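Trainee: Below is a structure I'd like to ask you about.
Since every read-out is calculated from the coordinates, none of them should be taken as a lab result. None of these values were measured; they are calculated from a predicted model. Note: ideal-geometry Cβ built from the backbone for every residue, glycine included; neighbour counts use all protein chains shown.
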Amino acid sequence: MRRRLGLALTCLILLAGCADDGSDAATPEPTASRSIRTLSPLPMPTQGPPTGNLVADMRQSSRDAAAGRMEVWIDNDTADTITPVRVTYRDPRFRTALAGTRLRAVPSQSERGFQLYLPPRPACDHPRGTGTVTVTYGDTTTTVPVEDSTDVAGRFTTARCLELAIGQVADLAWDDEIPFSGKAGDPGTLTLVVRPTGEDGPDLVIDTVSGTPILAPVGTDVWRPDVTVRGTDAPSRVDLPIKPNRCDDHAFLESGGATAFKIGLHLAGRPGQITLRMTIAGAKNAIDFAKASCGQLDTVSGG
């Protein structure tokens, strides 16, 4: 019986699959395609409920440094937008409080940066310290510690106090002019102008000068002038052969520190380092020189 049933089913299947060549031929059903395995998107990280607190940290971009400022960033971890009417930074390394600028609203669980202009004379007798920021918004005034993981305030204080001590021996500045033949590929001359104060004091030894992302020493990794300066010396000039460090457009577009040179030195036998920036006019001449030496300009305003 099972055998007969099997034969009958076989015949039915064969008959269903057979058709003549006429127009009424059966059209086979399309074969189902294999399903393509897809990846489910990962869930977005969820932010927890607001803690009701403000959090602050200190940052400084190259443009901030060039403009003589730093930025305190306020993270608003409250449930509402806050609109500061006053932001004040206090630090024992500064003689006075620093007022935040560019005041604007900070939405809930967002952060905004407020610029602080650095003082010309920090409290050099307080080399260490931590800062706090006081924020006033609406009827609320709150003071929170400022995290400064890269030691922006400390590095500025150390460098500025060293500059003030150097200033008791001599004034250091870059000449605005960059003498250059005008021929692409030729080097130019960066000149450090040294003007002693005329007063007795410690010796200042200029050990090294480092290049920048755009401007570099010729034939060496850093300039090594090895110049000793005394407060009673006559004014002098230190010539440093210079060339473009890079010639791609990307380098010139990101030139916030292009004309800020780090000087390694010893003052009264103690090592230190300062960053000496060119004036606006000198910076333009230096960048024009680099572009001309790279073959991107026909003439150079610096000489």
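Trainee: Ordered by packing density, taken as the mean number of other Cβ atoms within 10 Å over each peptide's residues, highest first, how do 133-145, 82-94 rank?
Mentor: 82-94, 133-145
Trainee: Separation between the Thr130 and Gln273 pseudo-spin-labels, each 7 Å from Cα along Cα→Cβ, expressed in nm?
Mentor: If labels sit at Thr130 and Gln273, their model points lie 2.7 nm apart.
Trainee: Put one equal scatterer on each alpha carbon of region 180-226, apply the Debye formula with no solvent term, and list log10 I(q)/I(0) at q = 0.22, 0.23, 0.25, 0.26 1/Å to two decimals.
Mentor: The Cα Debye sum returns log10 ratios of -0.93, -0.97, -1.06, -1.11.
Trainee: Arranged from highest to lowest average of other beta-carbon atoms within 10 Å per residue, in what order do the peptides 53-66, 278-291 appear?
Mentor: Per-residue Cβ counts within 10 Å, averaged per peptide and sorted highest first, yield 278-291, 53-66.
Trainee: Which net charge results when you count Lys and Arg as +1 and Asp and Glu as -1 among the other residues whose beta-carbon is under 13 Å from that of Gly269?
Mentor: Taking every other residue near Gly269 into account, the sum is -1.
Trainee: With labels modelled as points extended 7 Å from the Cα through the Cβ direction, what inter-label distance (nm, one decimal) is found for Arg155 paired with Asp171?
Mentor: In this crude spin-label approximation the distance works out to 2.8 nm.
Trainee: Which values, in whole Å and largest first, are the semi-axes of the equivalent ellipsoid of region 219-288 obtained as the square root of 5 times each eigenvalue of the Cα gyration tensor?
Mentor: 27, 14, 13
Trainee: With the crude spin-label approximation of a point 7 Å out along Cα→Cβ, what separation in nm comes out for Asp139 versus Ala281?
Mentor: Computed distance between label sites Asp139 and Ala281 equals 5.7 nm.
Trainee: If the only charges are +1 at each Lys and Arg Cβ and -1 at each Asp and Glu Cβ, what is the size of the charge dipole of region 140-263 around the Cα centre, to the nearest 20 debye?
Mentor: 160 debye
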